[in-house]
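One structure is given here, and the rest of the page talks about it.
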Amino acid sequence: MDNIKNLIVAIKDRDYKITTTAKGVEQLQQTQRNTLKAELVKALFDDLKANYPYTYRVKDGVMLEIENSSIADKITNESGSGAISITIDIKVNDLETNAEHESESYAVEIAEKVAKKEKTEKAKAEKTARDKKERAEKKGE
């Protein structure tokens with residue numbers, strides 16, 4: 001991942017223009033933001049391509065085709081490649097974005113989803129046990 005590392009180091013010392021949106025949000029000037037994104041996508045592509053042959057540059061970013069024998073064996077359409085295709089894109093956020101805060105918010109969101117799933121599974125298990133007990137009691141009558 002040398003290309004990405006070198007680009008990140010270079011970005012640290014660049015001079016960027018800041019613009020403000022109609023909503024008052026500060027961001028990099030659009031042309032510079034677009035150039036930065038293109039540089040990051042190219043660096044990511046170059047790093048991945050150097051390590052994985054099925055890496056492609058596409059309109060939306062970098063596409064990988066990940067070979068999978070299960071897919072290859074089960075696919076029925078003739079145009080399928082027998083691989084899982086994924087696209088990796090890069091987004092340059094506004095200057096008010098706080099990565100640490102975003103990470104913490106995401107962790108809370110995931111924890112809430114896990115807790116909700118556990119609660120649902122527990123309620124389902126309790127209902128199944130209750131229903132089983134009721135059926136057993138009816139048979140015993």
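The values are calculated or read from the model by the stated rules, or taken from the named source; none is laboratory data. Keep in mind that this is a model prediction, so the values were computed, not measured. We place every Cβ from the backbone using ideal geometry, glycine too, and count neighbours over all the protein chains shown.
Of everything in segment 34-63 that is without any contact (Cβ under 8 Å) to a residue 40 or more places away in the chain and of a type in the set (Val, Ile, Thr), the residue that is farthest from residue 17 (Cα to Cα) is 55.
Listed by first and then second residue, the pairs with beta-carbon distance under 6 Å, at least 6 apart or on different chains, first residue in segment 88-117 and closer than 28 Å to residue 62 by Cα, second among the polar types (S, T, N, Q), are 94/27; 95/27.
Kindly check whether there is at least one residue in segment 46-59 that is out of contact with any His (no Cβ under 9 Å at 6 or more places or on another chain), part of a helix (DSSP H, G or I) and more than 19 Å from residue 3 (Cα to Cα).
Start the filter on segment 46-59 by keeping residues that are out of contact with any His (no Cβ under 9 Å at 6 or more places or on another chain), which leaves 46-59.
Imposing the further condition that a residue be part of a helix (DSSP H, G or I) reduces the set to 46-51.
From what's left, more than 19 Å from residue 3 (Cα to Cα): none.
For segment 46-59, residues out of contact with any His (no Cβ under 9 Å at 6 or more places or on another chain), part of a helix (DSSP H, G or I) and more than 19 Å from residue 3 (Cα to Cα): absent.
Among the residues of segment 18-30, those that are outside any strand (DSSP E or B) and either under 25 Å from the mean Cα position of the chain (by Cα) or surrounded by 11 or more Cβ atoms within 10 Å (Cβ to Cβ) (or both) comprise 25, 29, 30.
Determine if segment 114-123 includes at least one residue that is among the basic types (Lys, Arg), at pLDDT 90 or above and more than 23 Å from the chain's Cα centre (by Cα).
Taking segment 114-123 as the starting set, the residues that turn out to be among the basic types (Lys, Arg) are 116-117, 119, 122.
Adding the requirement that they be at pLDDT 90 or above leaves 116-117, 119, 122.
With more than 23 Å from the chain's Cα centre (by Cα) added as a condition, the list becomes 119, 122.
The answer is yes; a qualifying residue exists.
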